[in-house]
């Protein structure tokens, strides 16, 4: 299959100057996956076609990576994966007129409306094989660390600022300004900031609940209410940034959405109780807020350990558990109706004193989880013969059959995720990276300052020209985030790129005197890591290059050049082995 189908497709479609082929293959994969969901007679064929598109895209990306090395190759891979493209791009005018939905109905984004990147299409189609490839992960890691910068496309921006569109480029912190506001949307920086913001939210939540008063707003509750409103606004903007489908691929998105629902419910009840001076509603609002504790505490663990297999599998198993539970409740609702109607038709039971649906549901729930058999004991009250029969049948179906099926499904889900753990982890890493690159100006403001930015900047958007709005926005962002931007700049100038080694004699460098504050140097085995931080001498690199040229010439003379097309990866591995041996020598 590889020789007869995959490799000829790669050779035919490969164009070293075209960045759209990978995007087209992934778009076709998305279409095949959509068709296989409703074309049952071609279901397996469409699924095979989708997998073939993903496989060809992964192999072509690896070929692009092999043809261009170094920083130039990294930049070219970035153009392939994060260049904004549109499915109807370069189509004839007659085709565009017949497809009016291609005209983006949202905001003006400087000609980038409605465009998607190959990385986003891969996430939407869950192309885990493609995303876990080494070439793709190289770009994902570079974007995550901020070595590659670009202006992302978005669905809807709450505070749009598209005056300048940055091209895809390699970021050099030594040539950039100290207060570079764009470094706030680097995924790694954004992730750290989000963790700190959530820890502040969790601390204010605990402070508020320990000083709660039902009849009035305390200072602690007012501070939490305002800060949580800013955090919810940030979460809402994240949903609008790349759409619901991409946002829900995040590992802890279901926890965030649950907290948003709880907070909005609490806020509505609390404000209504305050306006009507109802102590009862105030207590109910705080009780609603109390149930957020099982959501907030695990969410912190998800943030600190995003690549833990337990959390990754837990997210998938929660989806299966919820779907199967809803199906079970729907199906077992017939038993509830039958038991209620039996009690209503029993002459020995008074209509007013017959068990209500809530009581019957409670008995059924206890039987379902094997907690109590009260429902079976009370079954003759419904009907002498039919009541116990229905309860016993329900006990067999619910407690035995349903739970067995549920455990089997969850075990199968966990085993599939564990069998391909690396792909799952790298897929979640790609989602986290893609979601971390934000274009909305509101993400540059920390809660609760984003509420003030919404109230102040959004009306200002309609009063100023795009140029002056951009200037005002940048000035406010730099003032509010000056300490953070200075720390980011100092850190990235030291560690973002490995320093280029000049042709100097071997010996201890001057900067080694200042490494005492690096925590990794306090390890007993610090030298194992430190030896790889320095570039080899220029003489060693020159000898390696001469040996590479000699080996390529030998292969070309021996095999007529036929093996040369297969040699880049082999040559790179041989070069690294020789580099290690020469360096040790």
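The values are calculated or read from the model by the stated rules, or taken from the named source; none is laboratory data. Treat the numbers as computed from the prediction; the structure is a model and nothing was measured. Note that each Cβ is placed from the backbone with ideal geometry, even for glycine, and that neighbours are counted across all protein chains shown.
Looking across 3, 56, one residue alone is over 24 Å from the mean Cα position of the chain (by Cα) and more than 30 Å from residue 436 (Cβ to Cβ). It is 3.
A count restricted to the stretch 458-488 and to residues that are within 30 Å of residue 147 (Cβ to Cβ) and either touching a residue at least 40 places away in the same chain (Cβ under 8 Å) or crowded, with 17+ Cβ neighbours inside 10 Å (or both) stands at 16.
Quickly run through the stretch 65-76 and pick out the residues that are surrounded by fewer than 22 Cβ atoms within 10 Å (Cβ to Cβ) and either farther than 27 Å from residue 169 by Cβ or in contact with a helix residue (DSSP H, G or I) (Cβ under 7 Å, 6 or more places away or on another chain) (or both). Walk me through how you get there before you give the answer.
First, pick out the residues of the stretch 65-76 that are surrounded by fewer than 22 Cβ atoms within 10 Å (Cβ to Cβ): 66-76.
Correct list: 66, 68, 73, 74, 76.
Only one of the numbered conditions (1) surrounded by 19 or more Cβ atoms within 10 Å (Cβ to Cβ); (2) within 24 Å of residue 479 (Cβ to Cβ) is not met by residue 180, and that is (1).
Table: residues versus (1) assigned to a strand (DSSP E or B); (2) over 19 Å from the mean Cα position of the chain (by Cα); (3) buried (at least 19 other Cβ atoms within 10 Å of the Cβ); (4) modelled with pLDDT under 90.
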| residue | (1), (2), (3), (4) |
| --- | --- |
| 142 | no, no, yes, no |
| 159 | no, yes, yes, yes |
| 184 | no, no, yes, yes |
| 209 | no, yes, no, no |
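Every condition in (1) in a helix (DSSP H, G or I); (2) surrounded by fewer than 19 Cβ atoms within 10 Å (Cβ to Cβ) holds for residue 384 except the one numbered (1).
The lone criterion from (1) at pLDDT 85 or above; (2) exposed (fewer than 15 other Cβ atoms within 10 Å of the Cβ); (3) in contact with a helix residue (DSSP H, G or I) (Cβ under 6 Å, 6 or more places away or on another chain) left unmet by residue 374 is number (1).
This table checks each residue for (1) assigned to a helix (DSSP H, G or I); (2) assigned by TED's automatic domain parsing to the domain that holds residue 415; (3) touching a helix residue (DSSP H, G or I) at 6+ places or on another chain (Cβ under 6 Å); (4) closer than 28 Å to residue 431 by Cα.
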position: 306; (1), (2), (3), (4): no, no, no, yes
position: 316; (1), (2), (3), (4): yes, yes, yes, yes
position: 321; (1), (2), (3), (4): yes, yes, no, yes
position: 328; (1), (2), (3), (4): yes, yes, yes, no
position: 334; (1), (2), (3), (4): yes, yes, no, no
position: 343; (1), (2), (3), (4): yes, yes, no, no
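Looking at the stretch 144-157, which of its residues are under 20 Å from residue 246 (Cα atoms) and either assigned to a loop (DSSP other than H, G, I, E, B) or in contact with a strand residue (DSSP E or B) (Cβ under 8 Å, 6 or more places away or on another chain) (or both)? Answer for the stretch 144-157, where residues must be under 20 Å from residue 246 (Cα atoms) and either assigned to a loop (DSSP other than H, G, I, E, B) or in contact with a strand residue (DSSP E or B) (Cβ under 8 Å, 6 or more places away or on another chain) (or both): 150, 151, 152, 153, 154, 155, 156, 157. Every residue in the stretch 20-59 that is buried (at least 18 other Cβ atoms within 10 Å of the Cβ) and in contact with a strand residue (DSSP E or B) (Cβ under 9 Å, 6 or more places away or on another chain), please. Those that are buried (at least 18 other Cβ atoms within 10 Å of the Cβ) and in contact with a strand residue (DSSP E or B) (Cβ under 9 Å, 6 or more places away or on another chain): 23, 27.
Pick out the one residue from 342, 314 that is more than 30 Å from residue 440 (Cα to Cα), more than 25 Å from the chain's Cα centre (by Cα) and modelled with pLDDT under 85.
Within the list 342, 314, the selection yields 342.
The numbered conditions (1) within 30 Å of residue 310 (Cβ to Cβ); (2) exposed (fewer than 14 other Cβ atoms within 10 Å of the Cβ) are all true for residue 430 except (2). Of everything listed in (1) touching a strand residue (DSSP E or B) at 6+ places or on another chain (Cβ under 7 Å); (2) surrounded by fewer than 14 Cβ atoms within 10 Å (Cβ to Cβ); (3) touching a residue at least 24 places away in the same chain (Cβ under 8 Å), the single unmet condition for residue 166 is (3). One residue stands out in the stretch 426-445 among those that are in a helix (DSSP H, G or I) and over 19 Å from residue 124 (Cβ atoms): the one that is modelled with the lowest pLDDT, namely 441.
In the set (1) outside the structural domain of residue 401 (by TED's automatic domain parsing); (2) over 17 Å from residue 214 (Cα atoms); (3) assigned to a helix (DSSP H, G or I); (4) touching a helix residue (DSSP H, G or I) at 6+ places or on another chain (Cβ under 6 Å), the condition left unmet by residue 251 is number (3). Among the residues here, residue 372 does not qualify as assigned by TED's automatic domain parsing to the domain that holds residue 399 and touching a residue at least 40 places away in the same chain (Cβ under 8 Å). Of everything in the stretch 274-289 that is within 40 Å of the chain's Cα centre (by Cα) and touching a residue at least 60 places away in the same chain (Cβ under 8 Å), the residue that is surrounded by the fewest Cβ atoms within 10 Å (Cβ to Cβ) is 283.
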